[in-house]
Amino acid sequence: MKKIPELEAYDSTPRGDALVYNDIPNEVYHSEVGVSSSYVRKFGESQLHAIEVEQETTSAMHFGTAAHAMLVEGEEEFNKQIAVVVGSPYTKANKELKQEFIDRGLIVIKEREYHDIFAMRDNMIDEGNMYLNGNGKIAEASFFWYEGDVLCKCRPDVICSPQGPHQENHIVVVDYKTTFSCSPDAFKESVLKYGYLQQAAWYRRGLQAAGYKVKEFVFVAQEKKPPYACKIFKITDKQMDLAWIDMSEYLEGINKILKGGKPTIYNSPNIVTLDFDEQG
């Protein structure tokens, strides 16, 4: 695969049919170079909205990014990326301080969130630490590959090998999720609501393009509030196979748009007859 012009400033390693970057900052990865699983899933909901509407960054997303930095990359990396506003965020001084941090490219969280994240780290279960810090751990590597004419990308939180760093026939993909509840029923709802199966299938596809064989995909799910409970959820190959059918269909739509096709709105005709169930 040829080098990507927009990323020439960063070192890449060719692997299989993919390019792997280990030093791309978050803001560069999340730029408009390539399509991610979240973009493709959004395209599957409404092609026009995926193309025209820029995703807004919320405080919940900032918290998730900060928690990822701590649990996946460690406290040193957390301190490089994250700033905390102590006290009320609504005073004039703290508003100005927050803007200074933002201007420096830092993610700003509240004091309470800062303490929550350290408590989440301290309450991580042994099984979670085993996956997040597995043998041969590679954190936040960026994979780029092509599906037809579409440049695709993924950035797994962690890939590791329980058999050692060179056992590439036994790669585990680990994704850390913050959640309000890690009960199996509640997390299953989150999986369906937020398209986590499609995300897992997408990551597996990117790693396969790079020559890896994904033997296991796990979510390390942890609650954001006391007692900061955590559980490990495994995704099966069959579940990812079915989810990839959806993603490949969405990719076909993106390829058509690249060739001059017109995007649909909520993937339905412009004139729709509403069908209501009979009500007594």
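The values are calculated or read from the model by the stated rules, or taken from the named source; none is laboratory data. The structure presented is a predicted model; accordingly, all values stated were derived computationally and were not measured. Cβ placement follows ideal geometry from the backbone for every residue including glycine, while neighbour counts extend to all protein chains displayed.
I'd like the full set of residues that are polar (S, T, N, Q) and in contact with a strand residue (DSSP E or B) (Cβ under 9 Å, 6 or more places away or on another chain), limited to segment 240-268.
Across segment 240-268, the qualifying residues are Ser248, Asn255.
If we keep just the residues of segment 22-36 that are out of contact with any Lys or Arg (no Cβ under 9 Å at 6 or more places or on another chain) and not in a loop (DSSP other than H, G, I, E, B), which is modelled with the highest pLDDT?
The extreme case among them is Val28.
Quick check, is Pro263 farther than 20 Å from Val72 by Cα, out of contact with any Cys (no Cβ under 8 Å at 6 or more places or on another chain) and surrounded by fewer than 16 Cβ atoms within 10 Å (Cβ to Cβ)?
Here the answer is no, as Pro263 does not meet what is asked.
Considering each residue of segment 175-199, count those that are of a type in the set (A, V, I, L, M), within 18 Å of Arg41 (Cα to Cα) and surrounded by fewer than 19 Cβ atoms within 10 Å (Cβ to Cβ), and give that number.
Result for segment 175-199: 1.
Only one of these is over 21 Å from Arg121 (Cβ atoms) and modelled with pLDDT under 95: Gln199, Gln167. Name it.
Sole residue among the options that is over 21 Å from Arg121 (Cβ atoms) and modelled with pLDDT under 95: Gln167.
From Val191, Val174, which residue is at pLDDT 95 or above and out of contact with any Asp or Glu (no Cβ under 9 Å at 6 or more places or on another chain)?
On the way: Val174 fails: out of contact with any Asp or Glu (no Cβ under 9 Å at 6 or more places or on another chain).
Just a single option satisfies the conditions, and that option is Val191.
Residue-wise test of (1) β-branched (Val, Ile, Thr); (2) free of Cβ contacts under 8 Å to residues at least 60 places away in the same chain.
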| site | (1), (2) |
| --- | --- |
| Leu106 | no, yes |
| Arg112 | no, yes |
| Tyr176 | no, no |
| Thr179 | yes, yes |
| Leu192 | no, yes |
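Name the single residue that is nearest to Asp149 (Cα to Cα) among those in segment 229-266 being over 24 Å from the mean Cα position of the chain (by Cα) and not in a helix (DSSP H, G or I).
Ranking the candidates gives Lys259 first.
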